[in-house]
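S.K.: Pasting in a structure now, in structure tokens, and then I'll have a few things to ask.
The values are calculated or read from the model by the stated rules, or taken from the named source; none is laboratory data. What you are looking at is a predicted structure, and each value in this text was computed from that prediction instead of being measured. Using ideal geometry, Cβ is built from the backbone for each residue, glycine included, and neighbour counts are taken over all protein chains shown. Keep in mind that these areas ignore ligands, DNA and RNA; they rest on the heavy atoms of the full protein, side chains included. Shrake-Rupley method; radii C 1.70, N 1.55, O 1.52, S 1.80 Å.
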Amino acid sequence: MDGNIVMLIAGAALILAAVIGVILVILKFMKTGAKKYKVDYSGEKELYKGAKDSYRAGSRVRLYYDLSATDTDYAFFVDGIKLNHGFDNDKGFIISFIMPAHDVIIEHSAENSMVEKENNELPD
């Protein structure tokens, strides 16, 4: 019977150690993941629906760019890197990226596609 009690205590100690280990890992993750980094919208935050001033590193940032014209080609950049984007008829352009562990700058460019087509046409 003494052997069973020792085995029971040893098993409980292993379970307790595992639980404490998991808690420590979660606390470490929460501590490092809790830091938020700032987003600079290049003075046009009001054009991005759902825009926040900061996000946690590793979180998915999803924004909707509300201003759009049908004859304009838009490009969106985070820290100078061009993002792929989608479009929703009700919400506008959908911009999404994973927040890095540093402050970022969001910029966009807009070029009138009709002017570009007119300039690229061959003369008759």
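S.K.: Go through the range 37-64 and give me each residue that's within 15 Å of the chain's Cα centre (by Cα) and either under 17 Å from residue 109 (Cβ atoms) or hydrophobic (A, V, I, L, M, F, W, C) (or both). Write out each step before concluding.
M.R.: Just the residues of the range 37-64 that are within 15 Å of the chain's Cα centre (by Cα), to begin with: 37-41, 48-64.
Of everything in the range 37-64, those that are within 15 Å of the chain's Cα centre (by Cα) and either under 17 Å from residue 109 (Cβ atoms) or hydrophobic (A, V, I, L, M, F, W, C) (or both) turn out to be 39, 40, 41, 48, 51, 57, 61, 63.
S.K.: Considering only residues that are farther than 19 Å from residue 46 by Cα and touching a residue at least 12 places away in the same chain (Cβ under 8 Å), which ones fall in the range 83-96?
M.R.: If the condition is that a residue be farther than 19 Å from residue 46 by Cα and touching a residue at least 12 places away in the same chain (Cβ under 8 Å), then 83 is the only one that fits.
S.K.: Return the only residue of 69, 101, 75 being modelled with pLDDT of 90 or more and open to solvent by less than 60 Å² (accessible area, probe 1.4 Å).
M.R.: Result of the check over 69, 101, 75: 75.
S.K.: Quick one: what pairs do we get from the range 43-56, first residue in contact (Cβ under 8 Å) with a residue 40 or more places away in the chain and open to solvent by 40 Å² or more (accessible area, probe 1.4 Å), second assigned to a helix (DSSP H, G or I) and of a type outside the set (Lys, Arg), C-beta under 9 Å, 6+ apart or different chains?
M.R.: Partner pairs satisfying both residue conditions: 56/33.
S.K.: Could you list, in sequence order, all residues of the range 78-87 that are of a type outside the set (A, V, I, L, M, F, W, C) and open to solvent by less than 50 Å² (accessible area, probe 1.4 Å)?
M.R.: Correct list: 86 only.
S.K.: Considering only residues of the range 18-42 that are small (Gly, Ala, Ser) and surrounded by 10 or more Cβ atoms within 10 Å (Cβ to Cβ), which is modelled with the lowest pLDDT?
M.R.: Looking at the filtered set, the residue picked out is 33.
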